[in-house]
Amino acid sequence: MKDLPLSIGGKTLTSRFFLGTGRYPNPFVQNEVIRVSEAEVLTFAIRRVNLQAPGEDAILQHLEGKTFTYLPNTSGAKNAEEAIRIARLARASGLSDWIKVEISVNERTLLPDPVETLRATETLANEGFTVLPYTSDDPVLCKRLEEAGAAAVMPGGAPIGTGLGILNPYNLGLIVEEANVPIIVDAGLGSAQDVVQAMELGADGVLMNTPVAKAKDPVKMALAMKHAIEAGRLSYLAGRIPKKRYATASSGLEAFISK
């Protein structure tokens, strides 16, 4: 299978690693993580940025002189109206016309609200935003978000920050199979093993923050995740052997049977 470059909203990306910018010990570690990850898309909560002067913000000022695609998110929004308002403010400030729609009402699980997420996605896509909605691993909902105009869909492997890995690989496989837009696995991953699994299922990329930022060594973990994305993608393209219940000798039993 020949690999094709990842393209979202008319922009071609060379990296399939989408990286969050929160929770790092300090700006130096954050910058080292970004450097070794080779990520091109960086995400952050708009509520953490000073929209009056985004270039002077504590988060973004440490990235001066570097070119990234910013993917601000609407974390903290409780409904579609709040998410739409936040997105419009971000674009008006010149920050980005890419937006990660993130709407949750349950502070314990932080699971995305499917109805409000779909409403916000449709409205913002119609307004010309490049919309990447964060959603649950529901194949039907992911398809509806695509039909509503999402440039890519971002199902979670597990609830945000849990590190539980991919709880329902069957659903994720269905989502990838049915999609006509890129699928970026977002939330719940914890290790390189989880990342490889996501990529082997056919995901086009992975978004991570907590698994890297809160690792004992964030820089080493970022490098591990980068290699895991590449290995998982290659494995997916190569095509794994089918699973069987019983053993098959690699050289064939007939080679050992005397005539």
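The values are calculated or read from the model by the stated rules, or taken from the named source; none is laboratory data. Keep in mind it's a predicted model, so treat the numbers as computed, not measured. Glycine gets a Cβ as well: all are built from the backbone with ideal geometry, and neighbour counts include every protein chain shown. The protein model used for the area step is the full one, side chains on, heavy atoms only, and it has no ligands, DNA or RNA in it. Shrake-Rupley method; radii C 1.70, N 1.55, O 1.52, S 1.80 Å.
Looking only at segment 122-154, which residues are open to solvent by less than 40 Å² (accessible area, probe 1.4 Å) and without any contact (Cβ under 8 Å) to a residue 24 or more places away in the chain?
T135 - this is the single residue of segment 122-154 that is open to solvent by less than 40 Å² (accessible area, probe 1.4 Å) and without any contact (Cβ under 8 Å) to a residue 24 or more places away in the chain.
Okay, residues lined up against (1) in contact with a strand residue (DSSP E or B) (Cβ under 9 Å, 6 or more places away or on another chain); (2) assigned to a strand (DSSP E or B); (3) open to solvent by 30 Å² or more (accessible area, probe 1.4 Å); (4) not basic (K, R):
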| residue | (1), (2), (3), (4) |
| --- | --- |
| S75 | yes, no, no, yes |
| R85 | yes, no, yes, no |
| L95 | yes, no, no, yes |
| N106 | no, no, yes, yes |
| L110 | yes, no, yes, yes |
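Just to check your reading of the model, which residue among T162, T123 is β-branched (V, I, T) and modelled with pLDDT of 95 or more?
Going through T162, T123 in turn, the sole match is T123.
Evaluate segment 43-53: report whether one residue or more is modelled with pLDDT under 90, part of a loop (DSSP other than H, G, I, E, B) and buried (at least 19 other Cβ atoms within 10 Å of the Cβ).
Looking for residues that are modelled with pLDDT under 90, part of a loop (DSSP other than H, G, I, E, B) and buried (at least 19 other Cβ atoms within 10 Å of the Cβ), one finds at least one in segment 43-53, hence yes.
Any residue that is within 15 Å of A198 (Cβ to Cβ) and out of contact with any helix residue (DSSP H, G or I) (no Cβ under 7 Å at 6 or more places or on another chain) - is there at least one of those in segment 110-130?
Looking through segment 110-130, none of the residues is within 15 Å of A198 (Cβ to Cβ) and out of contact with any helix residue (DSSP H, G or I) (no Cβ under 7 Å at 6 or more places or on another chain).
Is one or more of the residues making up segment 191-198 on the phi > 0 side of the Ramachandran plot and in contact (Cβ under 8 Å) with a residue 24 or more places away in the chain?
No, the conditions are met nowhere in segment 191-198.
Do we have N73 as modelled with pLDDT under 60 and either out of contact with any Ser or Thr (no Cβ under 6 Å at 6 or more places or on another chain) or among the polar types (S, T, N, Q) (or both) here?
Values: modelled with pLDDT under 60: no; either out of contact with any Ser or Thr (no Cβ under 6 Å at 6 or more places or on another chain) or among the polar types (S, T, N, Q) (or both): yes.
No, not satisfied.
Return the residue satisfying two criteria in turn: it lies in segment 1-39 and is modelled with pLDDT of 90 or more and among the small types (G, A, S), and of such residues it is nearest to F68 (Cα to Cα).
Among residues in segment 1-39 that are modelled with pLDDT of 90 or more and among the small types (G, A, S), the one nearest to F68 (Cα to Cα) is A39.
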